[in-house]
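These notes are about the structure you will find just below.
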Amino acid sequence: MNNNKNKLFEPALMNEALKQSFIKLHPAKMFRNPVMFMVWIGTLVMAAVCVWIAFGEQSQGSFAYNLIVTVILFATLLFANFAEAIAEARGKAQADSLRKTREETPARLENGETISSSQLKKGDVFICEAGDIIPSDGEIIEGLATIDESAITGESAPVIREAGGDKSSVTGGTKVLSDKIKVCVTTEAGESFLDKMIALVEGASRQKTPNEIALTILLSGFTLVFIIVVVTLKPFADYAQTPITIAAFISLFVCLIPTTIGGLLSAIGIAGMDRALRANVITKSGKAVETAGDVDVLLLDKTGTITIGNRKATKFYPVNGVDEKHFLKSVVLSSMADETPEGKSIIELAGVNPLSYQIQNPRFIKFTAETRSSGIDYDTIKIRKGASDAIKNLVEKAGNHFPSETEEQVKSISSNGGTPLVVAENEKVLGVIELQDIIKPGIQERFERLRKMGIKTVMVTGDNPLTAKYIAEKAGVDDFIAEAKPEDKMNYIRNEQSQGRLVAMMGDGTNDAPALAQADVGVAMNSGTQAAKEAGNMVDLDNDPTKLIEVVEIGKQLLMTRGTLTTFSIANDVAKYFAIVPALFIASIPALQGLNIMNLHSPESAILSAIIFNAIVIPMLIPLALKGVAYKPIGASALLRRNLFIYGLGGIIVPFVGIKLIDLLVSVFI
Amino acid sequence: MNTEILGIIAMFGVTLLLAIPLGKYIAKVYAGERTFLDPVFNPIERLFYKVSGINPDNEMNWKQHLVALLTINLLWFLMSMGILMNMGSLPLNPDGNPSQSADLAFNTTISFLVNCNLQHYSGETGISYLGQIWLMFLQFVTAGVGMAAAVVVFKAFREKSTTQLGNFYNYFLKSCTRILLPISLVLAAIFVFEGMPMTFDGKDTITNLQGDTVQVSRGPVAAFVPIKHVGTNGGGFFGANGAHPLENPSYLTNMVEMFGQFIIPMAMVFAFGFFIRRRKFAWMMYGVMTVGFLLLAIPNINMEMNGNPAITQMGIDNSLGAMEGKEIRLGAAASGFWSIVTTVISTGSINSMHDSSMPLSGMNELLAMMINAFYGGAGAGILNFLIFIILAVFISGLMVGRTPEFMGKKIEAREMKIAMIIALAHPFLILVGTALAAALPQYTSATLANPGFHGFSEMLYEYTSSAANNGSGFEGLGDNTVFWNISTGIVLLLGRFLPIIGPVAIAGLLAEKKFIPESAGTLKTDTSTFGLMVFAVIAIIAALAFFPALALGPIAEYFSLY
């Protein structure tokens, strides 16, 4: 699915986009974009002028010159439409490649009937067995299965999904590898998140975001200013007895209104959603991407985001007087049946094969929430390992002493961010196992980057405050919520929001749904429950908790691209004035030759050069609009300086050079 | 260095030094904190409130502020029309000057009501002393209105989130009594000592050196001139305004009058900083305004001092500078400097004929008014500047990847719409007004003093001056006709009240929004980088909107001359 990641212009997409460029000339579509709509009107007027000249009008210059102006204006329109069309085509292609996986698979209903996936309705229940492709998004209501989600996530390792709990959601297009599940359809055909996203990209349901509306107001304002400037120029010129042709008026107007940003504006917005999709994040609205750029606080789950999935055993501490080998044996035996990653890591650390010990009648004791310990019974020996207070309870109940040495050991492990497990044999303490969280490599740098963006990171963990504090410090997050319950998250978000901050969080469980809904940007994991996915405004197909960071950068890029291209577009006007204004008046006011600082060849070549530059700058900036301006977390003022220098100063200089070069070329023909 | 230039620098430096403490004082006045003038003014103000039945502690939202502001202006309008159209038969008219015609009274009233003072009459013959005193009253209160409107904006940014923006009458009255009045009194004392007339007697008669008898107009000039400048009004007692020897007798009065114009707009910038507890932000604003001011003023001083090449060609000594239309006692440098001071600050008083300025000096005078935010009028300047800040915040906010915010408030579609309408209104009024004048030569061509480019500049200047509420004129224009009186009257009204309503509305809307605390990702608005951005926005908007018009006026004239 990442096949066209690096290519900006696929030939197949180009064809589609070219076709769309013409279809989008429909006035009702043009009207959505006030700036380009004015160009559209300008083109019509010029076409009328051409006809007028063809019927013998003498005052408007040659037919060829007027025709060229008309054609260039028309090209400007096509370029702008093309920018939007190519952005749409790319987004659609991306979404299509995701959708392809879920087209027309047979679905076996509960009653044994087999229908096509497209006929499935919300509430239908279907059955999938090993080897089946899941026909639709849904929730497991019965059973457990391993599922290959690589078609969606690109992750080859199979995942387990089971009824009840937070891992009950399945995605259409993924494949069941083992076992049998009963699934209830949760979305109507054509209403899945992906379908919604495709509709957004295609423009059918694309609404302007608040920021886009505000920017359109600014651009419309600039367009209005230039309507005033150009209309009042007519009586001014008459007063100065300088006849100005309609072509010159229209050219001046089209050059001055912000066509560059006007033509690229919707492409930038679509490209933002498209970039999110390329990161395997489905957004439910364009606004969500934009809001992500504004996020002030990021709530991150510890596990999976900050630390690598699970804790690992890192050290054994036998109690004074206990033989180390004996301790090792007890540790290994008690963890033999422990399937958790922690349990496995204990045996790994011990480096002993548990089967090498000869034991009689082993009975494995499972972990329960009441005992908060697990272990093994064999012969007359009972080994238990568990949380220190649980073991302490056990030991003291039997009338034995819980060694102060162990007590201290436990404390020091906790304060170093570890989790202590105490091991006891027949209610006597043998020693302590230290489990440690492994902080993901490179995560500190990412948090540093976030801090420079001005984003506060908050770690959410079920750990006790001591452990949480240690990991928070080590990973470099700004704050943490320890022993977090779902309502803690909710309260934290509310509190931050009441202080005016925007909060983003990621979640998967039904428990998370209220918090996801409360957060300004809620990213639900695709593996999460339907409730979570409905509550959030984005869905991450990769189930990757670090994705939030990418989403924030995509949002920032989106706004920055708009801002920089607006600046560039407006700064361009300076050079265009120096090209066109002398051209308008030189014939009657030779003194104004002094303003022709670019020394352009003739009034006609000056006007043509300006509008040619104005037209071709749009396609030349399409790659930038689609890729987005690079975000650098160097602080807002430095970023502004940098962008002002590149796009502001560049926007003043580039057209001087460009128009002069085009003029050199045009003057060969005139 | 040239003493003429040193004099200017000294005056500018003294103003800055005094503006900072005055700003602090003004901030205290509006915040209701104790000041050393309390014992004097508390009883006076209490009397006002008692008589009028106004409760100064009654908090208003931004809409109520605007209603109060517009209502009080309507009352003054009616009173003014009554006085100006009947003053010929009212007391205090020793010279027997006539009442004004309806259209002239309309223009005079509007232009004084909007703090502009575009005068289509001459003080010597066109108005009685009662009329002059009434106009002096308007000069006080309209400056007070502008300042009160600015304080509503100050208040909106001082609080984190509020709809309660203080009491309009309280701000207004305090502006007049505690700020404008004391400064005007000090200036008046200086002027009287420098020989400015202060009398209710009619014309005096003198015999000049040639032995002819000359009638000399006089009146309560020393009372009138201070507020004319301190309130950034600019309406002259005499027709020749600050070029008249009795209205600006000496080099010292010239400098003090310039100080008078500068002091309130500058101090208001610092008052803003003190009031919202962001002094650095005030310095950013001051920096942008000063750079803009100097970029206009320095070339003007230079061009006026260098003289006119056409005169040099005639073999006439031009070493004193371009002295056409200037007073020899003031000189080219001080006149060139004044021409920008009075145009950036919407005062519109003159000490030389702007019609005779060098072409690009004239362009700079026009540009100063087209921008109308480098210091600007009392209160009004900050309001205009706020619009540019909003636009700059919006574009630069996007450039750093955040939804734009200013002072912790998000700038969204509604604020942008208002800001854009106000930013558009100024070029609209100027360009459409000038276009009408150019398209209707039957009303205008006979009133122009010059043909060609310069005639065009005269029309452009008249509307620019009106829209900017400046009030100075390219004095070649014979502007007391029905066409000019009515058309500029309308431009004056819109040019005054739109830029008050807009920024107050924006500030009011922003004040209602949730406050967003600053983070490292927030764009700081008190930095030189942001200042540069504001400056760029101002320069680009002014340049883009007015370049073609300027090209046909002063720029064409310049290229024809050199």
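Values in this text are rule-based calculations from the coordinates and carry no lab data. Note that the structure is predicted; figures quoted are calculated from it, not measured. Note that we place each Cβ from the backbone using ideal geometry, even for glycine, and neighbour counts take in every protein chain shown.
Before moving on, here are some points about what is shown:
- Average Cα contact separation per residue, chain A, under 8 Å, 6 or more apart, as relative contact order %: 15
- Per principal axis, descending, Cα span of segment B:55-166 in whole Å: 57, 24, 22
- 222 nm mean residue ellipticity, helices alone, for chain B (DSSP H n ≥ 4; -39,500 (n - 2.57); rounded to 500): -21500 deg cm²/dmol
- Per-residue average of Cβ from other chains inside 10 Å of A:587-595: 4
- Chain A: C-alpha pair distances exceeding 45 Å, %: 39
- Under 5 Å between amide hydrogens, built in the peptide plane, is the criterion, and for A:Thr307 it picks out A:Lys440 among residues at least 5 positions away or on other chains.
- Rough spin-label spacing in nm, given labels placed 7 Å along Cα→Cβ, for B:Met314 and B:Leu90: 4.5
- For the Cα trace of segment B:418-482, dividing Rg by the Kirkwood Rh returns an Rg/Rh value of 1.01.
- Taking every residue in A:213-223 and counting other chain Cβ atoms within 10 Å of its Cβ, the average works out to 6.
- Restriction of the GluC sites (Glu not before Pro) in segment B:383-452 to DSSP coil positions whose beta-carbon has at most 15 other beta-carbons within 10 angstrom yields no sites.
- In terms of other Cβ atoms within 10 Å, B:Met358, A:Met336 run from fewest to most in the order A:Met336, B:Met358.
- Couplings 3J(HN,Hα) for segment B:183-196, derived from phi with the Karplus relation 6.51 cos²θ - 1.76 cosθ + 1.60 (θ = phi - 60°), are 5, 4, 4, 4, 4, 4, 4, 4, 5, 4, 5, 7, x, 6 Hz, where x marks Gly and Pro.
- Value at 222 nm in deg cm²/dmol, rounded to 500, when DSSP H runs of n ≥ 4 in chain A each add -39,500 (n - 2.57): -16500 deg cm²/dmol
- Extreme residue, positive dipole direction of the protein assembly as shown, given options A:His326, B:Leu294, A:Ala279 (C-beta unit charges): A:His326
- The value of relative contact order for segment A:213-313, using C-alpha pairs under 8 Å at least six residues apart, is 19 percent.
- Look at the dipole of the protein assembly as shown built from charges on Cβ: of A:Ala587, B:Phe374, B:Ala240, the Cα furthest out on the positive end belongs to B:Phe374.
- Net charge dipole, chain B: roughly 2460 debye, given to the nearest 20, about the Cα centre with Cβ charges of +1 for Lys and Arg and -1 for Asp and Glu.
- Rounded tilt (10° steps) of A:547-585 against the dominant C-alpha axis of chain A: 10
- Whole-Å semi-axes of segment B:20-110's equivalent ellipsoid (Cα gyration tensor): 35, 19, 15
- Derived scalar couplings ³J(HN,Hα) [segment B:544-557; Karplus, 6.51 cos²θ - 1.76 cosθ + 1.60; whole Hz; x for Gly, Pro]: 5, 6, 10, 4, x, 5, 5, 4, 7, x, x, 5, 4, 5
- Annotation: amide H of A:Ala107 within the under-5 Å range of A:Ile115, A:Ser116, A:Ser117, sequence separation 5 or more or interchain, hydrogens built in the peptide plane.
- Per-peptide packing, taken as the mean over residues of other Cβ atoms within 10 Å, places A:69-80, B:305-316 in the sequence A:69-80, B:305-316 from highest down.
- For segment A:477-537: span of alpha carbons on each principal axis (Å, largest first): 30, 25, 19
- Packing-based ranking of A:285-298, B:510-523 yields A:285-298, B:510-523, ordered from highest to lowest mean Cβ neighbour count within 10 Å.
- Of the peptides B:88-101, A:628-641, the order by per-residue mean of other Cβ atoms within 10 Å, starting with the highest, comes out as A:628-641, B:88-101.
- The string of couplings for segment B:509-522 from the Karplus curve (6.51, -1.76, 1.60, θ = phi - 60°) is 5, 5, 4, 6, 6, 5, 7, 10, x, 6, 10, 5, x, 6 Hz, one whole number per residue in order, with x for Gly and Pro.
- Convex hull of alpha carbon positions in segment A:554-670: directionally averaged projected area 7.9 nm².
- Charge-dipole axis of segment B:316-461 as Lys and Arg at +1 and Asp and Glu at -1 on Cβ define it, positive-most pick from B:Ser445, B:Ala392, B:Gly321: B:Ala392
- Spherically averaged projected area of the convex hull of Cα atoms, the protein assembly as shown: 62.6 nm².
- One equal scatterer on each Cα of segment B:359-455, no solvent, Debye formula: the resulting log10 I(q)/I(0) at q = 0.12, 0.13, 0.25 Å⁻¹ is -0.57, -0.64, -1.28.
- Placing +1 on the Cβ of every Lys and Arg and -1 on the Cβ of every Asp and Glu, with nothing else charged, gives the protein assembly as shown a dipole about its Cα centre of roughly 860 debye.
- Measuring between alpha carbons in the structure, the pairs from A:Lys440/A:Lys485; A:Lys411/A:Lys474; A:Lys489/B:Lys514; A:Lys182/A:Lys312; A:Lys456/B:Lys417 lying more than 26 angstrom apart are A:Lys182/A:Lys312; A:Lys456/B:Lys417.
- The value of relative contact order for chain B, using C-alpha pairs under 8 Å at least six residues apart, is 19 percent.
- Beta bridges by DSSP in the protein assembly as shown, antiparallel share as percent, to the nearest 5: 75
- Where labels lie 7 Å past Cα in the beta-carbon direction, separation of B:Asn42 and A:Glu10 in nm: 8.0
- In terms of its Cα atoms, segment B:294-393 spans 53, 24, 18 Å along the principal axes, sorted from long to short.
- Seen from all directions on average, segment B:386-426 presents a Cα convex hull projection of 2.7 nm².
- Nonlocal amide H pairs with A:Ile141, under 5 Å, H built at 1.01 Å: A:Lys182, A:Val183, A:Cys184
- Using only alpha carbons, chain B has a radius of gyration to Kirkwood radius ratio (Rg to Rh) of 0.96.
- Using the Cβ-Cβ distance between A:Arg363 and A:Lys180 with R0 = 35 Å, the FRET efficiency computed as 1/(1 + (r/R0)^6) comes to roughly 0.65.
- Shielding value for A:236-245 is 5, the average number of Cβ atoms from other chains within 10 Å of each residue's Cβ.
- Full-extension gain in nm, B:Tyr251 to B:Gln164, via 0.36 nm per residue minus C-alpha separation: 26.6 nm
- At an R0 of 22 angstrom, the distance between the Cβ atoms of B:Thr3 and B:Phe193 translates into a FRET efficiency of 0.45.
- Cβ-derived FRET efficiency at R0 30 Å, A:Ile160 paired with A:Thr380, nearest 0.05: 0.20
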